[in-house]
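Student: Just passing along the structure, written as structure tokens.
Bear in mind these aren't lab numbers, they're just calculated from the coordinates by the rules spelled out. Note that the structure is predicted; figures quoted are calculated from it, not measured. As a convention, Cβ positions derive from the backbone with ideal geometry for all residues, glycine included, and neighbour counts pool all protein chains shown.
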Amino acid sequence: MATILVVEDESAILELLTINLKHAGHNVLPARDAESAIATINNVIPDLVLLDWMLPGRSGIALAKQLRENKRTRPLPIIFLTARSEEHDKVAALETGVDDYVTKPFSPRELAARIKAVLRRRAPHVTDDAVLIGDLRLDPATHRVTGKGQLLELGPVEFRLLHYLMTHPERVHSRKQLLDEVWGDHVFVEERTVDVHIRRLRMALSPSGSEHLIETVRGSGYRLSQMS
């Protein structure tokens, strides 16, 4: 399930988007203008932003540029929703660094497919796609993890931690990065909390002999290695 910020000033469209996104299993954060969107983002970083071009006050283009210029929000996947369908409008939007451009009117099925494609590319850890590395398989839809065919018992934090590591294999993640991505950047806990949950994760994986996949990179953080 992804948390999606919908920035749309037309009530009917906002309601339609909210209903369809919730039906697809997403959590929706509504905002009717750029200022409300920024206030929401300051509180919690969403997984994706659906952004209307024509907003009261600051435009969607201006907001997209602001999000791309800020280090904290730069990685945010953004999809434009707009009635502007001219080529130069699409070019202007894409040049701000947004990930996709959907013109109104749009079908809910097309939008759902676009969202899924962007999330798969930019934030695979919030999708329901099963992940397989070696003999280790994680299925977000059923919330099950198996190793060599054996069902493994993981707590909710360990599950999210493993999901993130499995969808970003071979990368070294600092404790702060893991806190931001797994716990959320609005949660303030000690960085050493990550160490505790890494230990618990390794213990949970040990019955299948998969604990060695989680590597400690001294002085840097942790990595899930496909080569172990």
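Student: Mind checking which residues of segment 42-76 are under 23 Å from G184 (Cβ atoms) and of a type in the set (S, T, N, Q)?
Tutor: N42, N43, Q66, N70, T73
Student: Can you confirm whether segment 184-193 contains a residue that is over 16 Å from A123 (Cα atoms), without any contact (Cβ under 8 Å) to a residue 60 or more places away in the chain and in contact with a Lys or Arg (Cβ under 7 Å, 6 or more places away or on another chain)?
Tutor: First, pick out the residues of segment 184-193 that are over 16 Å from A123 (Cα atoms): 186-193.
Going one step further and asking which of them are without any contact (Cβ under 8 Å) to a residue 60 or more places away in the chain, we end up with 187-193.
Keeping just the survivors that are in contact with a Lys or Arg (Cβ under 7 Å, 6 or more places away or on another chain) gives 191.
Taking every residue of segment 184-193 in turn, at least one turns out to be over 16 Å from A123 (Cα atoms), without any contact (Cβ under 8 Å) to a residue 60 or more places away in the chain and in contact with a Lys or Arg (Cβ under 7 Å, 6 or more places away or on another chain).
Student: Could I ask something else about it? Quick one: in segment 135-173, of everything that is among the polar types (S, T, N, Q) and touching a residue at least 12 places away in the same chain (Cβ under 8 Å), which residue is surrounded by the most Cβ atoms within 10 Å (Cβ to Cβ)? Spell out the reasoning first.
Tutor: Step one: filter segment 135-173 for residues among the polar types (S, T, N, Q), giving 142, 146, 150, 167.
When the remaining residues are screened for being touching a residue at least 12 places away in the same chain (Cβ under 8 Å), the result is 146, 150, 167.
Working: T146: 16, Q150: 12, T167: 19.
This residue is T167.
Student: Kindly indicate the residue of segment 194-205 that is of a type outside the set (V, I, T) and in contact with a helix residue (DSSP H, G or I) (Cβ under 9 Å, 6 or more places away or on another chain) and also nearest to R137 (Cα to Cα) among those meeting that condition.
Tutor: L205
Student: Under 6 Å between Cβ atoms, which residue pairs at least 6 apart in sequence (or on different chains) link something in segment 27-53 that is charged (D, E, K, R) with a partner that is in a helix (DSSP H, G or I)?
Tutor: Hits for this filter: D47/V126; D52/G60.
Student: Moving on to the next point. Can you find a residue in segment 208-226 that is within 28 Å of T40 (Cβ to Cβ) and either in contact (Cβ under 8 Å) with a residue 12 or more places away in the chain or surrounded by fewer than 18 Cβ atoms within 10 Å (Cβ to Cβ) (or both)?
Tutor: Within segment 208-226, none of the residues are within 28 Å of T40 (Cβ to Cβ) and either in contact (Cβ under 8 Å) with a residue 12 or more places away in the chain or surrounded by fewer than 18 Cβ atoms within 10 Å (Cβ to Cβ) (or both).
Student: Condition test on I61, is it part of a helix (DSSP H, G or I), out of contact with any Lys or Arg (no Cβ under 7 Å at 6 or more places or on another chain) and in contact (Cβ under 8 Å) with a residue 60 or more places away in the chain? Talk me through it step by step, then tell me what you get.
Tutor: On the way: part of a helix (DSSP H, G or I): yes; out of contact with any Lys or Arg (no Cβ under 7 Å at 6 or more places or on another chain): yes; in contact (Cβ under 8 Å) with a residue 60 or more places away in the chain: no.
No; evaluated as a whole, the condition is false for this residue.
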